[in-house]
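Have a look at the structure below before the remarks.
Please treat every number below as a calculation from the coordinates, not as lab data. Since the model is a prediction, treat every value here as computed from it, not as a measurement. Glycine also receives a Cβ, built like all others from the backbone with ideal geometry; neighbour counts cover every protein chain displayed.
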Amino acid sequence: MGTLRYTANMSADGYTVDAEGSFDFARPTDEMLAFVNETEADSAVYVHGRRMYETMVYWETHEPGPDPNPHADRYAEIWRGVDKVVASSSLSPDAVTSARTRLVRDLQPGELRRIVNCAPGVVSIGGPTVAADFIRQGLVDDFRFVVYPEMVGGGLPALPRDARLSLRLTESRTFDSGCVYLRYLPR
């Protein structure tokens with residue numbers, strides 16, 4: 001049986017984006033990018049909702065610029081090497097432009113569990129909207145959060161407000177930027 005991991009960057013008050021839909025508060029430093037590369041290296045499949053996919057598909061065409069960043073370049077390699085599932089009823093098939101990607105109109109728990117069970121590594125679900133039902137149902141095996149030292153006062157919560165789970169902290173790390181990484185597993 002595989003592992004379903006939910007990862008989210010969030011503000012100190014628990015939002016992945018602010019009320020205007022911006023996640024500018026979560027700009028990663030090189031230290032953070034290097035850490036993300038370490039923690040994402042075992043991913044075999046990304047499951048994203050529409051908005052997360054539209055944000056992340058940038059990595060499909062990322063090329064080193066005149067001032068290359070080896071951490072960003074490495075993440076682009078990771079992204080391209082992972083299979084992707086986009087769970088969206090509103091995204092046009094023409095908008096799915098990355099390789100190794102398939103569109104699923106209505107991702108049900110049984111289909112997600114099949115994806116996890118068949119994956120040769122971790123399945124990383126990204127985006128609080130697509131992850132919410134699976135979190136509520138207790139299907140997520142591993143929770144990883146990067147908390148940024150910013151309060152944004154509202155927006156899209158990283159976790160569904162009506163979910164009840166008992167978790168245990170298994171790992172934490174503080175970065176020079178003041179960000180804190182927290183890893184939880186269900187009890």
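What is the gain in length, in nm to one decimal, between Glu111 and Thr3 on full extension, counting 0.36 nm per residue of separation less the C-alpha to C-alpha distance?
Gain on stretching Glu111 to Thr3: 37.5 nm.
Given 25 °C and 0.890 mPa s, compute D for the stretch 106-187 with the Stokes-Einstein relation, Rh being the Kirkwood radius over Cα pairs; round to the nearest whole µm²/s.
Reported coefficient: 171 µm²/s.
Peptides 169-176, 30-37: what's the order by average Cβ count within 10 Å, highest mean first?
So the peptides 169-176, 30-37, ranked by packing, come out 30-37, 169-176.
Please give, to one decimal in nm, the separation of the simple spin-label points placed at Asp141 and Ser22, each 7 Å out from Cα toward the Cβ.
3.9 nm
Suppose R0 equals 25 Å; then what is the FRET efficiency for Asp13 and Asp133 from their Cβ-Cβ distance, rounded to the nearest 0.05?
0.60
Compute the semi-axes of the equivalent ellipsoid of the stretch 1-70, taking the square root of 5 times each eigenvalue of the Cα gyration tensor, and list them largest first in whole Å.
20, 19, 14
For a distance above 23 Å, tell me the whole-number percent of Cα pairs in the stretch 4-186 that qualify.
41 percent
Which of Thr3, Pro68, Val36 sits closest to the plus end of the dipole of the stretch 1-119, meaning its Cα is farthest towards the positive end, when Lys and Arg get +1 and Asp and Glu get -1 on the C-beta?
Thr3
Starting with the highest mean, order 38-44, 121-127 by the number of other Cβ atoms within 10 Å, averaged over the residues of each peptide.
Ranked by mean Cβ neighbours within 10 Å, highest first: 121-127, 38-44.
Among DSSP beta bridges lying fully in the stretch 30-187, give the percent that are antiparallel, nearest 5.
The antiparallel proportion sits near 45 percent.
Express in whole angstrom the spacing between the alpha-carbon centres of the stretch 21-83 and the stretch 103-117.
Taking the Cα centre of each part, the stretch 21-83 and the stretch 103-117 sit 23 Å apart.
Note down the nm distance, to one decimal, between modelled labels 7 Å out along Cα→Cβ at Val96 and at Glu77.
About 2.8 nm separates the two model spin labels.
Report the relative contact order of the chain, percent, no decimals, based on alpha-carbon pairs under 8 angstrom and at least 6 residues apart.
Dividing the mean separation by the residue count of the chain yields 37 percent.
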